[in-house]
Structures are given as C-alpha cells and as structure tokens.
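Only one structure is covered here, and it is reproduced in the block below.
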Amino acid sequence: MQTIQRIAINEDTYLKQLELADAEELFLLTDSNRENLMEWLPWLNYTKKVEDSRQFIQATINQYNDNRGINYGIWYQGRLAGTVGVHTVDWINKKTSIGYWLGAQFQGKGLMTEAVATYLDVLIFGSWDLEKVTIQAATENYKSRSIPERLGFQLEGVLRRNEFLYDHYVDHATYSLLKEEWLDWKTDKKI
C-alpha cells in the first residue's frame, strides 16, 4: 500500500499520519471534547488517559503495517483538529469505509469536507485505486451526514439499531461512492 506521510489540503490544513508522538495532543483534544463526542461515538469510555490514545495510534500504525489502511490526524494552523481514516481495506473487492471526527472548536470551517475529499482523491481513488467507499453515520447526526452528502455519495439505506451508544442504539444512514461517481463529481465541481 502506497501512502504519503503528509498531504497538504490548503495553506492552513494538512493530513499527517498519526504517530506515537501525537498521543498527548490527541488525548487532550479527545478529552476536551468528550461530552460532544459521546453523543455519536462509542469509544470514549475506552479513552481515559494518554496511554489509551497511544494504544489507538499504535493500532493505526499496525493497521498500516498490515496493509489494511491508514489514519491521519487533521492539522489546522499547526494544531490537531481531528482524525480521518479507514476502518480497513478490502483489497480483494477494492472497497473500504471511512470514519472521522473533529473537535468542536474546529467545526464549521469546512475542514472535514476538505479532509475527506483529499483522502478520497489522493488515497482511496488515487494511489490505492479502489472502486467503492462507504460512510455510515447515525441518522440524526446531521453534521456527519452532511460530509458524504456534500461529496456526491449516494444514500444506500438505513441500518436499524446499528450501533450501541452507551445506553441506547442508533440507526445508521449508509452512503456509498463509486470511483466513476467521484471522477464525475470532481469534474462537475472543477476540483
């Protein structure tokens, strides 16, 4: 799997492969956004100290070393703003799925839309030459759902009670995008 350690998005923003040295900053971002993130992400109870973020980063390094994908930190004006990455890559069927999150203080700037678009263009449909990517988000998580909707993904349907969030289940909207659709979308948007 070809990868790039750092990918420029614009003059203020870039993606950088997560490294163990990022653990403290990742934990501080997570911890300061804990209440906000718990609304939609199931893993906050497992991230209680810097070591937990370090273990997450090590797992992403192992994922990369095992040729199963890569996770990046999203860096904005020199600060870690969130993450974007794939859950795993299915090389036989040439497909994957993306997950992402941003700290609340970085939302509303278009960072995630640009980060996901860059990830799609450079890696998923670029150097990896995959055919399909999916994104799932809780049906009521309109901020997360807006990312695939802005980027030309198609809503495939809703998976009922797809994720357990601490004390209740949520349904997930499932979106997909094919390589040819991405190329058409890029042409239409002139990016």
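The values are calculated or read from the model by the stated rules, or taken from the named source; none is laboratory data. Just so you know, these numbers come straight off a predicted model, no measurement behind them. Every residue, glycine as well, gets a Cβ built from its backbone with ideal geometry; the counts of neighbours run over all protein chains shown. For the accessible areas, the whole protein counts, side chains as well, though only heavy atoms, and no ligand, DNA or RNA atoms are used. Shrake-Rupley method; radii C 1.70, N 1.55, O 1.52, S 1.80 Å.
Would you point out the residue of the range 116-131, among those that are under 19 Å from TYR64 (Cα atoms) and charged (D, E, K, R), that is surrounded by the most Cβ atoms within 10 Å (Cβ to Cβ)? Don't jump to the end; show me each part of the working.
Keep residues of the range 116-131 that are under 19 Å from TYR64 (Cα atoms), which gives 116, 118-130.
Now drop any that are not charged (D, E, K, R), which leaves 121, 129.
Working: ASP121: 15, ASP129: 11.
Here the answer is ASP121.
When the range 120-137 is examined, which residues are found to be among the acidic types (Asp, Glu) and over 30 Å from ASP171 (Cβ atoms)? Step through it out loud before you land on a result.
So in the range 120-137, the residues among the acidic types (Asp, Glu) come out as 121, 129, 131.
Scanning the range 120-137 gives a single hit, ASP129.
Determine if the range 141-162 includes at least one residue that is in contact with a Pro (Cβ under 7 Å, 6 or more places away or on another chain) and of a type outside the set (S, T, N, Q). Break it down stepwise before answering.
Looking only at the range 141-162, we keep the residues that are in contact with a Pro (Cβ under 7 Å, 6 or more places away or on another chain), and these are none.
No; the residues of the range 141-162 include none that is in contact with a Pro (Cβ under 7 Å, 6 or more places away or on another chain) and of a type outside the set (S, T, N, Q).
Tell me which strands (runs of 3 or more DSSP E) are completely within the range 104-190 and hold 1 or more residues being of a type in the set (Gly, Ala, Ser) and without any contact (Cβ under 8 Å) to a residue 60 or more places away in the chain, or say none if there are none.
154-165, 168-178
When LYS94 is evaluated against the numbered criteria (1) open to solvent by 60 Å² or more (accessible area, probe 1.4 Å); (2) modelled with pLDDT under 95, which criterion, by number, is the only one it fails?
Checking LYS94 against (1) open to solvent by 60 Å² or more (accessible area, probe 1.4 Å); (2) modelled with pLDDT under 95, the one that fails is (2).
Taking GLY85 and the conditions (1) within 21 Å of LYS132 (Cβ to Cβ); (2) part of a loop (DSSP other than H, G, I, E, B); (3) small (Gly, Ala, Ser), which numbered condition does it fall short on, given that it satisfies the others?
(2)
Would it be correct to say that ASN93 is closer than 27 Å to ALA173 by Cα, in contact with a helix residue (DSSP H, G or I) (Cβ under 7 Å, 6 or more places away or on another chain) and either among the acidic types (Asp, Glu) or not in a strand (DSSP E or B) (or both)? Break it down stepwise before answering.
Details: closer than 27 Å to ALA173 by Cα: yes; in contact with a helix residue (DSSP H, G or I) (Cβ under 7 Å, 6 or more places away or on another chain): no; either among the acidic types (Asp, Glu) or not in a strand (DSSP E or B) (or both): yes.
Taking the combined requirement at face value, the residue does not satisfy it.
Write out, first by first residue and then by second, each pair whose Cβ atoms fall under 7 Å of each other, whose residues are 6+ apart or on separate chains, and whose first residue, in the range 37-48, is within 11 Å of GLU163 (Cβ to Cβ) while the second is assigned to a loop (DSSP other than H, G, I, E, B) and aliphatic (A, V, I, L, M).
Partner pairs satisfying both residue conditions: none exist.
Determine whether LEU80 is in contact with a Gly (Cβ under 6 Å, 6 or more places away or on another chain), of a type outside the set (S, T, N, Q) and either open to solvent by 30 Å² or more (accessible area, probe 1.4 Å) or more than 22 Å from ALA173 (Cβ to Cβ) (or both).
On the way: in contact with a Gly (Cβ under 6 Å, 6 or more places away or on another chain): yes; of a type outside the set (S, T, N, Q): yes; either open to solvent by 30 Å² or more (accessible area, probe 1.4 Å) or more than 22 Å from ALA173 (Cβ to Cβ) (or both): yes.
Yes: the conditions hold for LEU80.
Quick check, is SER32 touching a Phe, Trp or Tyr at 6+ places or on another chain (Cβ under 6 Å), small (Gly, Ala, Ser) and either on the phi < 0 side of the Ramachandran plot or open to solvent by 80 Å² or more (accessible area, probe 1.4 Å) (or both)? Spell out the reasoning first.
Numbers: touching a Phe, Trp or Tyr at 6+ places or on another chain (Cβ under 6 Å): no; small (Gly, Ala, Ser): yes; either on the phi < 0 side of the Ramachandran plot or open to solvent by 80 Å² or more (accessible area, probe 1.4 Å) (or both): yes.
No, not satisfied.
Could you tell me which numbered condition ARG145 fails, if it satisfies all but one of (1) of a type in the set (Lys, Arg); (2) surrounded by fewer than 18 Cβ atoms within 10 Å (Cβ to Cβ); (3) within 18 Å of the chain's Cα centre (by Cα)?
Status for ARG145: all satisfied but (2).
Which of the following residues is within 15 Å of the chain's Cα centre (by Cα), open to solvent by 10 Å² or more (accessible area, probe 1.4 Å) and more than 23 Å from ALA138 (Cβ to Cβ): GLN63, GLN55?
Values: GLN55 fails: within 15 Å of the chain's Cα centre (by Cα).
Answer to the check: GLN63.
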